[in-house]
Amino acid sequence: MTNREQVRRVVIRVVTSLLNLIIGPAGAWYAFGLKGIVGYIAVHTITRSIVAEVSSTNEVISKRGYRISPLLLFFGGALPFIWEGWESYVIGVPLLLASFEGAFWPAYHGLRKSSSTEGERKSVKSFQKWEIASTVFAAILVVLLKYQDLGQYGGTLGSGLALLAILIPMSEGSRGASVGFSTSDIATDKAIFGRLTTGSFGTIAYLTTWSMRIVSMQAGGIALLGLMVALSSLVGFFISEINDRFSSPEDADRRNWKFGNYLSLTGIVVMTTSLVYTQEEMFLGGYLVCRGGTSGILHHLEVRIAGQLLSGEGGIIGLRERIKFRTQSKILFGYLTFAVAIIAYLGEIPDVEILLIPVLLFSVMCCVLNLHIMKKMKSLQRA
């Protein structure tokens, strides 16, 4: 990817980390507690999927959405200063942050692939390296703001950086590049396993991340947790790098896929066990292990492998991202149906532990699925 677009992505990653750690879910929690978080999740998940579908209509709309998407981050950071009501935190902020994601991601990897001169494997690795580095930087920045009692300026800083991202001009190569590389035939074996791969990974990341946020809000905040999570992702990335350096590409992929899923599975089991015994520190430890597997090891594999399985003729835009967002919306609707039934049966909202354990058990099933489809997935990738 061109240096200009990479710089824009680094700035945007810092902005999203700032807004998610300081303004986003925390504001909804302080507004209405668990009900506020549930509202935030629903607005964010559904909006992101809808916007992604709209922005993927054609090349012109997709690239325009990508280009102006940082403006949505600017308004997301500024909104709580303009409108201080609970609606700002529970509806407005997630609406804007989700709209950014839905407009940005369907085009991003298409542009990265179009402008890459180093091959998909190295290109995705470079993407992951900068993602983790910028996440660590943002997490350190959040900790510094919190411990200097400057947390209230996090939104202002995020909005300012978002304006910087929109002011960075789009490179000439990116303006003329195609962003549609996905197949229009999603019924082939390759596409089916591509959908399974990205849907399963997206489900694990979605459910474990929101479970962690809910538990950490109950424990009193996520500023220092953000740094610990970023560092655990960095450790996972180093593990994948070691496998890449001392193994053939195919063996490295196999080892990283297995190790990443086993690490995620172990972390989720620890998280689930900690909920049974109400051990918040144990839950945090489990999540850090899980995050090392998902963000540090599996993420770049999922981007590359699922992307290859879903590539083909048809010029479809952002299919991998849209499948992930659709799957997460379906998970949300299914879970809300389950939760409403539980609440109706009990006549009250149960403890958070009761609500989260089924979520984590479903994530365990996704890890097992990932391990089960590994051989077939790799054989189709070579086809």
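The values are calculated or read from the model by the stated rules, or taken from the named source; none is laboratory data. Worth saying up front: this structure is predicted, and the values here are computed from it rather than measured. Note that we place each Cβ from the backbone using ideal geometry, even for glycine, and neighbour counts take in every protein chain shown.
Any residue in the stretch 320-330 that is outside the structural domain of residue 55 (by TED's automatic domain parsing) and in contact with a strand residue (DSSP E or B) (Cβ under 8 Å, 6 or more places away or on another chain)? Checked against the condition, which is being outside the structural domain of residue 55 (by TED's automatic domain parsing) and in contact with a strand residue (DSSP E or B) (Cβ under 8 Å, 6 or more places away or on another chain), the stretch 320-330 yields at least one hit. Just one of the listed residues (301, 288, 231, 265) is at pLDDT below 90 and within 19 Å of the chain's Cα centre (by Cα), namely 231. The residues of the stretch 276-299 that are touching a residue at least 40 places away in the same chain (Cβ under 8 Å), assigned to a helix (DSSP H, G or I) and surrounded by fewer than 23 Cβ atoms within 10 Å (Cβ to Cβ), listed by number, are 276, 280, 284, 288, 289.
Residues checked against (1) assigned to a helix (DSSP H, G or I); (2) under 24 Å from residue 287 (Cα atoms); (3) touching a Phe, Trp or Tyr at 6+ places or on another chain (Cβ under 6 Å):
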site: 314; (1), (2), (3): no, no, no
site: 328; (1), (2), (3): yes, yes, yes
site: 356; (1), (2), (3): yes, yes, no
site: 371; (1), (2), (3): yes, yes, no
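Which residues, taken from the stretch 246-275, are hydroxyl-bearing (Ser, Thr, Tyr) and surrounded by fewer than 24 Cβ atoms within 10 Å (Cβ to Cβ)? Matches in the stretch 246-275: 247, 248, 262, 266, 272, 273, 274. The residues in the stretch 95-122 that are hydroxyl-bearing (Ser, Thr, Tyr) and at pLDDT 90 or above can be counted, and the count is 2. Close contacts from the stretch 152-171, counting a first residue that is assigned by TED's automatic domain parsing to the domain that holds residue 137 and a second that is of a type in the set (Gly, Ala, Ser), with Cβ to Cβ under 6 Å and a gap of 6+ residues or different chains, come to 155/77; 158/77; 159/77; 159/78.
Being within 25 Å of residue 115 (Cβ to Cβ) and charged (D, E, K, R) is the filter here, so list the residues in the stretch 1-46 that pass it. If the condition is that a residue be within 25 Å of residue 115 (Cβ to Cβ) and charged (D, E, K, R), then 4, 5, 8, 9, 13 are the ones that fit.
For the stretch 330-351, what are the residues that are more than 23 Å from the chain's Cα centre (by Cα), within 26 Å of residue 264 (Cα to Cα) and either among the β-branched types (Val, Ile, Thr) or not in a loop (DSSP other than H, G, I, E, B) (or both)? Answer for the stretch 330-351, where residues must be more than 23 Å from the chain's Cα centre (by Cα), within 26 Å of residue 264 (Cα to Cα) and either among the β-branched types (Val, Ile, Thr) or not in a loop (DSSP other than H, G, I, E, B) (or both): 338, 339.
Hey, residue 345 hits all of (1) more than 23 Å from residue 50 (Cβ to Cβ); (2) in contact (Cβ under 8 Å) with a residue 12 or more places away in the chain but one; which does it fall short on? Every condition holds for residue 345 apart from (2). Filtering the stretch 143-189 to residues that are more than 28 Å from residue 320 (Cα to Cα) and of a type in the set (Ser, Thr, Tyr) leaves 147, 153, 156, 159. Does residue 376 satisfy the condition of being more than 23 Å from residue 242 (Cα to Cα) and either surrounded by fewer than 20 Cβ atoms within 10 Å (Cβ to Cβ) or of a type in the set (Val, Ile, Thr) (or both)? When the stated conditions are applied, residue 376 passes them.
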